[in-house]
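Written below as structure tokens is the structure these notes are about.
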């Protein structure tokens, strides 16, 4: 005898099964591993991925848990790109310009000498096509890159000796990454990149003559003022944006709601870092100038700045001529900065000029 369920009963059973399946999926916990370039307990930079992970876990009601390994654990401060690309880690927190030796076009998404300030750059990323261009560079490496926190305008560095002319740059051994290092090399300096945990020792032992790190927000803690009295204002990193890297396969395995939660957590943590960094720089500059009167805050001479600008323009033209994608990125940045800078001048710059005039 053939027995069959009534259609309504069958439909109800299917609905119950579907609901149970979706409920089970909603309860599944996704555990991701992140590698950061920074040492453990490193302030501001290290706070940012932890703030992001905490937000993601809370917003997902515990379904998204991210553990973070610092450089002193994974032993590869500048290996984050490869570790996330290979799937050894699901995510990374670092800076895009560290990968210029592997993928030259990653260089442009951290900051550029004489380029956009932090607000201008955020506007470019989120509304001016910057994120889409970053996607174009990273997608072919099974990676996704997102803005990961901004330091604001960085200082030009700590120097053992005063810079009075272009001659003082010739042969100067300086820790300075990114495109700025190429600019200084054009002027006869010898740029190098050194992991954050090794900077103080390198400057103290005169392995290098000068270094740039960030600004008062982090430099005071590093102790550079104890061994290099000249602290120069910035030109090379007007809006330094760190990055969150995500393995594309990891991203694709996440449900859509967790993808959106992760996206929102990264964006919020990035902006929070900018505010935190600004606050710390304001506090630490005041402390530095009050408690360490040996520190001399100086501007580079006008002829040195002009030579840096000329070298920067020359190198940008060479990069654009050699690579169509580099040209697309650089043209986009230049066009957006022209538009944004006009507003910056009419708003912030005019306000500060008026304020200082009183």
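Quick rundown of the values:
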read-out: Test: residue in region 191-202 that is in a loop (DSSP other than H, G, I, E, B), more than 24 Å from the chain's Cα centre (by Cα), touching a residue at least 24 places away in the same chain (Cβ under 8 Å) and surrounded by fewer than 22 Cβ atoms within 10 Å (Cβ to Cβ); value: no
read-out: Per-region count, region 148-185, residues touching a helix residue (DSSP H, G or I) at 6+ places or on another chain (Cβ under 8 Å), under 24 Å from residue 197 (Cα atoms) and not in a loop (DSSP other than H, G, I, E, B); value: 10
read-out: Any hit, region 259-269, residues being more than 15 Å from residue 114 (Cα to Cα), free of Cβ contacts under 8 Å to residues at least 40 places away in the same chain and touching a helix residue (DSSP H, G or I) at 6+ places or on another chain (Cβ under 9 Å); value: yes
read-out: Wholly enclosed helices (runs of 4 or more DSSP H) of region 32-104 bearing at least 2 residues under 16 Å from the mean Cα position of the chain (by Cα) and surrounded by 22 or more Cβ atoms within 10 Å (Cβ to Cβ); value: 47-59, 80-86
read-out: Selected residue (only one of 54, 35, 95 is in contact with a helix residue (DSSP H, G or I) (Cβ under 7 Å, 6 or more places away or on another chain), under 30 Å from residue 281 (Cα atoms) and modelled with pLDDT of 95 or more); value: 35
read-out: Matching entry among 326, 334, 311 (being closer than 29 Å to residue 246 by Cβ, touching a helix residue (DSSP H, G or I) at 6+ places or on another chain (Cβ under 7 Å) and at pLDDT 95 or above); value: 326
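The values are calculated or read from the model by the stated rules, or taken from the named source; none is laboratory data. Just so we're clear, the structure is a prediction, and the values are computed from it rather than from any experiment. All Cβ positions, glycine included, derive from the backbone under ideal geometry; neighbour counts span all protein chains shown.
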